[in-house]
1. For the stretch 177-232, what are the residues that are open to solvent by less than 10 Å² (accessible area, probe 1.4 Å) and of a type in the set (Ser, Thr, Tyr)?
2. Run down Arg27, Arg19, Arg85 and say which single residue is open to solvent by 40 Å² or more (accessible area, probe 1.4 Å) and either within 16 Å of the ligand (Cβ to nearest atom) or free of Cβ contacts under 8 Å to residues at least 24 places away in the same chain (or both).
3. Are there any pairs, at least 6 apart or on different chains, whose C-beta atoms fall under 7 Å, with the first in the stretch 224-246 and under 14 Å from Thr105 (Cβ atoms) and the second among the hydroxyl-bearing types (Ser, Thr, Tyr) and surrounded by fewer than 24 Cβ atoms within 10 Å (Cβ to Cβ), and if so, which?
4. For the stretch 330-357, which residues satisfy the criterion of being over 23 Å from Glu320 (Cβ atoms) and either within 16 Å of the ligand (Cβ to nearest atom) or out of contact with any Gly (no Cβ under 8 Å at 6 or more places or on another chain) (or both)?
5. Is it true that Leu151 is in contact with a Phe, Trp or Tyr (Cβ under 7 Å, 6 or more places away or on another chain), at pLDDT 95 or above, open to solvent by 30 Å² or more (accessible area, probe 1.4 Å) and more than 14 Å from the ligand (Cβ to nearest atom)?
6. Does the stretch 333-341 contain at least one residue that is of a type in the set (S, T, N, Q) and within 26 Å of Cys374 (Cα to Cα)?
7. Filter the stretch 45-82 down to the residues that are in contact with a Phe, Trp or Tyr (Cβ under 7 Å, 6 or more places away or on another chain) and assigned to a helix (DSSP H, G or I), then identify the one that is most open to solvent (accessible area, probe 1.4 Å).
8. Looking at (1) more than 16 Å from the ligand (Cβ to nearest atom); (2) farther than 27 Å from Gly148 by Cα; (3) of a type in the set (Ser, Thr, Tyr), which is the only condition Thr175 fails?
Amino acid sequence: MSRKAEIPAQAGLDPAELRRDFPILERQVHDRPLVYLDSAASSQKPRPVLDAVQRYYTHHHSNVHRGVHELSVEATDLYERSRERVAAFIGAESARECVFVRGTTEGLNLVAQAWARPRLEPGDEVLVTEMEHHSNIVPWQQVCRQTGAELRVAPMDDAGDLLADEFEALIGPRTRVLAITQVSNALGTVNPVAELAQRARAAGAVVVVDGAQAVPHRPVDVRTLGADFYAFSGHKMYAPTGIGVLWGRLELLESMDPWEGGGSMIRSVTFEETLFAPPPARFEAGTPHIAGCVGLGAAVEYLEGLGMDAVRAHEEALLEYCVKELQAIPGLNLIGRPAQRAGAVSFTADGVHPHDLGTFLDREGVAVRVGHHCAQPVMKHYDIPATARASFGVHNGPDDVDALCRSIRGALEFFA
Ligand code: PMP
């Protein structure tokens, strides 16, 4: 039986065909065909996104919101249409709940500074998990220092799953914020966010979800998830860098003061007093990344065209195949075996430093990420300095997994 036949049904997506949507995948790296397994760090861009950005700059560009001339009207229209598309994509009730930000990092900092900082008091608690990306740890640490609140950490087991009883024990009357990732970038763990959010909200906490590694891989509905805020990055979901979204419940956004002042976020300004615009403009001071927003809208359209259920089924089947193949390599150690996995798998190889492994794979055209993945507490949990991580996009297929495994075997032999 061929390897390809061993993997579960591909749910209608044909990665060989989708690969043709991504011009960069036509290039060679070190005279080898590029095998791109680093979408968790940043995804490559399909032609419809590249075309939308080029079309925007070629035909429609001007600044948004401030002009009456035709180009400004067209740019504004494209910008706001992207917002509406994004809102529908994540199940927001209204486009007004979607604030354009630079990315997940900025979205989480916005919540920490504009929602939490004025509200937290000494003794209040912010609960994060052991598997958070630094961008869902550091902003909370900072706001705790600023307010006297305390940072608590929900631990995980060696499989990379949160410990339910410990989580439960950490939720209490002083829990004001639960900040949790939906999918771990370092381990691929899918957290049962809806369940945990319900528990936290019942205790009166606000639930902030890091959706950076979820939105590209599965259907997301912020309302059924029970989140209060949800942040994600365009560049991990086939859109340009420098653009992302913070979704927030409208009543929460309306209750918040802006965290940056400037143009576009005001209703009126005098030297005595400034009245702020309603959300989302209140949180979008200055000229936004208009082309990025246009690209993000095109990326959402691209994903909708594939169907998020199909994307999820395709990637889950591929991950399952990848895990099985990696397990069959003597000397390879999977880091984490979460009950539910999305997007990525981390591993180490006996006797090979992850950085050497990454460099070896690169020489064969296989792009994986090595390092701590901005999740140093995860590395500490496993008492390792770094892992190699393969992560997937819609264009990856079993042949990419085969190339990865071939190169890993080569590295193990080379460094033996
Ligand atoms: N959270 C997670 C889970 C991530 O994977 C990343 C990016 N690696 C971030 C947050 C930060 O995203 P960005 O750098 O786009 O702001």
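1. Residues satisfying the conditions are Thr181, Ser184, Thr189, Tyr230.
2. Result of the check over Arg27, Arg19, Arg85: Arg27.
3. Once the first residue is under 14 Å from Thr105 (Cβ atoms) and sits in the stretch 224-246, its partners that are among the hydroxyl-bearing types (Ser, Thr, Tyr) and surrounded by fewer than 24 Cβ atoms within 10 Å (Cβ to Cβ) give His235/Ser42; His235/Thr241; Lys236/Ser42; Thr241/Ser42.
4. Val352, His353, Asp356
5. yes
6. yes
7. Applying the filter and picking the extreme gives Pro48.
8. Against the list (1) more than 16 Å from the ligand (Cβ to nearest atom); (2) farther than 27 Å from Gly148 by Cα; (3) of a type in the set (Ser, Thr, Tyr), Thr175 comes up short only on (2).
The values are calculated or read from the model by the stated rules, or taken from the named source; none is laboratory data. Note that the structure is predicted; figures quoted are calculated from it, not measured. Reconstructed Cβ throughout: ideal geometry from the backbone, glycine too, with neighbour counts over all protein chains shown. What goes into the accessible areas is simple: the full protein's heavy atoms, side chains included, and nothing from ligands, DNA or RNA. Shrake-Rupley method; radii C 1.70, N 1.55, O 1.52, S 1.80 Å.
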